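Here's the structure we're looking at; comments come further down.
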Ligand SMILES: [Zn+2]
């Protein structure tokens, strides 16, 4: 599932490709995915792209926005005659195929929404309807060390499960939670309120380091994530502990173990992570 670095990478590319374009038409091939009045968007210019946690907003010049959540397998792909990239095979069925559900026809290109599992959604909303205070603080934006420390201090949950709770912190999913905990030398099973202040600060910094590495590599494409230009991210080749079961720990050489915590694959060096 895309996490913060993946959705941020989508946002940055959409800024490059579609801001300034005018929406000429919207073809809705799957009613289930799309809600709201498409006529509020047609004929209007795209003035900006925003991201809140894993949701994207395409802001229009009439104070309406197109809100998009790609969920598990949603993909946004931009095509125009100037982009001649080979599209990743992770775009199953290609563009305009059976997994394409919405096509935004722009004056200078087309923006496709593909989604194999169809858990994602697109809504037309009044820009002011977005309740910004409903989003939990997120790293690289407004997650302060003070909030983070308080959150951990009050919780008896496993630290990894807490890090991934989107109602408490926005944007950290399984890949970056695993890598941040390894970087900080903290066992994923640790109870959140058992961590010493020094460890809490180390974890806070490690979260930022892991997410920044994800951004640097354009996100992780181990499953269906691709960028709007049809390319894959590279972070899956640079993970620190995630997906490395049976391989040596990069610090001490001990074999990385895998177990399930809160239903999610969890990777752990039993020597480095206490
Ligand atoms: Zn180790």
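Remarks
- Folded to 0 to 90 degrees: helix 4-18 orientation relative to the chain principal axis, Cα: 20
- Convex hull of region 49-119 built on C-alpha atoms - directionally averaged projected area, nm²: 5.5
- Seen from every direction in turn and averaged, the convex hull around the alpha carbons of the chain projects onto 14.4 nm².
- Global geometry of region 4-134, whether rounded, prolate or oblate, following the gyration tensor of its Cα atoms and the 1.5 cut on a/c: rounded
- Relative packing of 238-245, 201-208, 79-86, which averages over residues the other C-beta atoms within 10 Å, highest first: 238-245, 201-208, 79-86
- Between the helical axis of 197-216 and the longest alpha-carbon principal axis of the chain there is an angle of about 40 degrees.
- FRET efficiency, residue 63 to residue 153 (Cβ-Cβ, R0 51 Å, nearest 0.05): 0.80
- Ranking of 209, 144 by count of other Cβ atoms within 10 Å, fewest first: 144, 209
- Based on DSSP H segments of at least four residues, each scored -39500 (n - 2.57), the chain has a per-residue ellipticity at 222 nm of -7000 deg cm²/dmol.
- Across the chain, the relative contact order, built from alpha-carbon pairs under 8 Å that are at least six residues apart, equals 21 percent.
- Histogram of C-alpha separations across region 145-268, 10 Å bin width, %: 13, 44, 33, 10, 0
- Ranking of 8, 15, 129 by count of other Cβ atoms within 10 Å, fewest first: 129, 15, 8
- The angle between the Cα long axis of helix 174-184 and the main principal axis of the chain comes to about 40°, on a 0 to 90 degree scale.
- Under the simplified labelling scheme, the residue 271-residue 108 pair shows an inter-label distance of 5.5 nm, with each label point 7 Å from Cα along Cα→Cβ.
- Annotation: the residues 222, 138, sorted from fewest to most other C-beta atoms within 10 Å of their own C-beta, follow the order 222, 138.
- Averaging Cα coordinates gives a centre for region 16-33 and one for region 97-135; these two points are 7 Å apart.
Bear in mind that the values in this text are calculations on the coordinates, not laboratory data. From a predicted model like this one, the values you see are computed outputs, not experimental measurements. Note that each Cβ is placed from the backbone with ideal geometry, even for glycine, and that neighbours are counted across all protein chains shown.
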